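To start, the structure under review is shown below, and the notes come after it.
The values are calculated or read from the model by the stated rules, or taken from the named source; none is laboratory data. Keep in mind that this is a model prediction, so the values were computed, not measured. We place every Cβ from the backbone using ideal geometry, glycine too, and count neighbours over all the protein chains shown.
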Amino acid sequence: MRNVDYEKLDGLALADLLARKEVSSAELMTCAIDLARSRGAALNAISYERYDESLVIARTWTPRGPFGGIPFLLKDTAVAHVRLPTSSGSRLLRDTTYARNATLADRFESAGLIPFARTTVPEFCMAATTEAACNGGPTLNPWDPTRSPGGSSGGAAAAVACGIVPVAHGSDGGGSIRIPAAACGVYGLKVSRGRLPMGPFRGEGWGGLASDGVLSRSVRDTAAALDATCGYEPGSPYAAPPAPDSYLDLIKRAPGPLRIAVWRQAWNDIPVAAECVAAVDHAVELLRAAGHELIDSAPPELDYDALVQSHADMLSANIVVSVDTRLGLTGKALQDDDLEPVMRNGYDYGKTISTSQYIGAVGRFHAVGRILDAYMQDYDLLLTPALTQLPPKLGYLSMREGTYLDFRRKIARYGTFAAIFNATGQPAASLPALWTESGLPVAIQFVGRFGREDLVLQASAQIEQVQPWAHRIARPASQA
C-alpha cells in the first residue's frame, strides 16, 4: 500500500481492507512508520519509537477486534505498556518502564490496535500545549508550525491530523483530548468518569478529573474504539452508567429531535474570539436544519476563579506525588534541571497544600457537578466553543518563566470550556466546525449529561455527515 492511499482511510476502512486480505498489517505498519519518520519527525510528535520490533509483531499479528491489526500510538503518559517506556514529558521521569500492561493497553490490543511508539506531551501532561524540554523542543501544529498543537495530547492530535495513524490514544484531565483535537482539526471525545479502565496500577487520575480515550479523524473510529474498550474494571472506584450494546451502531442513525443549549460567552467576561463564536453559530444552523431545537443560554452561575484554583491545587499535589515517588525510587535529591521552571514552582507550591485545601478542591469539583447536572436537566446536549481563541503561537504557554499559578490561570482563559467538564465527569467532544482562510481549524464542543456518550456521538456524526473533515490531511511543508 502506498502512503498516499493509507493516509486517506480511517481505521475501520483499513480494517475492512485487512478483513478482505487486500492488505496486511505489516504493509499498514510500514506506511505508518514511514510517515512517523517523516511527518512525525518534522512535527516533533513521536517519542519512544519501537519501529523495527513493531513491524516484526505486525508480520505475525493475528487479526482481532474491530480494527483487525492497524498501527496505533500510545500517549507518553500513565497507560503502561511493557514495550514502550514513558517520560510523561519530564526529564525526571524519563525512561520509566513497566513489568505489565495497563488494562486499557490490553483492551486496545484486543481491539486490533498495534502500538508502535508514543506521542509527545508537556511535562506531567499539565499544559494546554506540548512544548516539553524533555522532547528537545516544541511539538508543532501541523496546520501552522508557528502555533501550538494544544495539549497535553498534542503529539497524538498532530499525528492523527497529518495521517500517521487514523486513531491514537489520548487522555484528558482538564481538556487534554479536546483542546488538541480542536487545535489540530480532529475528533476528540472525553468519556464519562468511570467509562474506561484506569487500572491496575491506579484507580483514578488527578482526584477523578482524568480519563483516557482516543483522538481520531472520524467519529465512527472513536465509537468503535469505545465499544471495544469501555466497561467496568473490578476494583475501580467509579462506574459509569451502562453503555449501549454498540455506540457504532447508534451513530448510523440520527437521534430524535434534541433540545440543545447554546453557550457563546464564558465566565468572568473572558473574551471569546469571533471565529470561535462563528463556529458555534454555524453548528447551530446545521443542527436546526437537522430538526433539533437550539436554545440560547448562559453558563450557570458558579465561582470560576475558585474552580481554577481548585484545579491548580489538585494538579500541584499530583506533581509532588510524582516527583517524590521518583526521588524515593532513585534515592536522589531533586536537581535544578530535573523540572521545567513552572513545574518546579508548582512542586514547591504543592508542598504548601494543606489537607483542607485538597479536600476542599474535591468538594468544589463535586459541587460544580451538581450545578451542571441541575442545569442539564432541561437539555439533552450543550453546545459551546471548544476554545476561546485560535491555537496560540508557540511560547504563549511556555513553562520557562513565570509562576505555576499564573500559568494555570492563563490556561484557564484559553481552555475555559474544557476543565469544568472534568470536574463534573460529563462526556464532552471537540470537533471541527469551520476553517479559517489561512487553514486553521475552529472547533465546537458537544457536552452530554453524565453517561450519555451516545447523544454526543450521534450529534457529532450528524455534523460530520453534512460537513466531513476526515479528508483534510495536514502535510508539514517539508513533507508535502
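Side notes on the structure shown:
- Residues that are in a loop (DSSP other than H, G, I, E, B), surrounded by 21 or more Cβ atoms within 10 Å (Cβ to Cβ) and of a type outside the set (Phe, Trp, Tyr) within region 391-414 comprise 391, 394, 397, 399, listed in sequence order.
- Test: residue in region 434-453 that is at pLDDT 95 or above, surrounded by 19 or more Cβ atoms within 10 Å (Cβ to Cβ), out of contact with any Asp or Glu (no Cβ under 7 Å at 6 or more places or on another chain) and part of a helix (DSSP H, G or I): yes
- Residue list for region 283-316, filter: outside any helix (DSSP H, G or I) and among the β-branched types (Val, Ile, Thr): 295
- Total residues in region 28-60 satisfying the condition of being surrounded by 17 or more Cβ atoms within 10 Å (Cβ to Cβ) and farther than 30 Å from residue 137 by Cα: the figure is 2.
- Qualifying residue in region 430-438 (condition: without any contact (Cβ under 8 Å) to a residue 40 or more places away in the chain and among the acidic types (Asp, Glu)): yes
- Listed by first and then second residue, the pairs linking a residue in region 390-413 that is within 19 Å of residue 147 (Cα to Cα) to a residue that is among the hydroxyl-bearing types (Ser, Thr, Tyr), with Cβ atoms under 6 Å apart and 6 or more places separating them unless they lie on different chains, are 391/148; 392/148; 393/146; 394/148; 397/129.
- Subset tally (residues that are over 24 Å from the mean Cα position of the chain (by Cα), closer than 22 Å to residue 106 by Cα and touching a residue at least 12 places away in the same chain (Cβ under 8 Å)) for region 227-281: 1
- Evaluated against (1) at pLDDT below 95; (2) crowded, with 21+ Cβ neighbours inside 10 Å, residue 88 falls short on exactly one condition, (1).
- Selection within region 198-218 - farther than 22 Å from residue 126 by Cβ, in contact with a Ser or Thr (Cβ under 9 Å, 6 or more places away or on another chain) and crowded, with 23+ Cβ neighbours inside 10 Å: 216
- Of all residues in region 367-408, those that are among the β-branched types (Val, Ile, Thr) and in contact with a strand residue (DSSP E or B) (Cβ under 7 Å, 6 or more places away or on another chain) total 1.
- Only one of 324, 337 that is among the charged types (D, E, K, R), more than 29 Å from residue 181 (Cβ to Cβ), free of Cβ contacts under 8 Å to residues at least 24 places away in the same chain and out of contact with any Leu (no Cβ under 6 Å at 6 or more places or on another chain): 324
- Qualifying residue in region 148-169 (condition: more than 11 Å from the chain's Cα centre (by Cα), assigned to a loop (DSSP other than H, G, I, E, B) and closer than 28 Å to residue 323 by Cβ): yes
- Residue in region 95-112 that is more than 24 Å from residue 451 (Cα to Cα), of a type in the set (Gly, Ala, Ser), surrounded by fewer than 24 Cβ atoms within 10 Å (Cβ to Cβ) and touching an Asp or Glu at 6+ places or on another chain (Cβ under 7 Å) present: no
- From the list 60, 77, the lone residue that is of a type in the set (Ser, Thr, Tyr) and without any contact (Cβ under 8 Å) to a residue 12 or more places away in the chain is 60.
- Looking only at region 345-367, and only at residues there that are β-branched (Val, Ile, Thr) and either part of a loop (DSSP other than H, G, I, E, B) or in contact with a Gly (Cβ under 9 Å, 6 or more places away or on another chain) (or both), the one that is farthest from residue 319 (Cα to Cα): 362
- For region 66-122, a residue qualifies if it is part of a loop (DSSP other than H, G, I, E, B) and of a type in the set (Ser, Thr, Tyr), and the qualifying residues are 77, 87, 88, 90, 97, 98, 120.
- Region 311-355 - residue that is farther than 12 Å from residue 90 by Cβ and of a type in the set (Lys, Arg) and, of those, surrounded by the most Cβ atoms within 10 Å (Cβ to Cβ): 351
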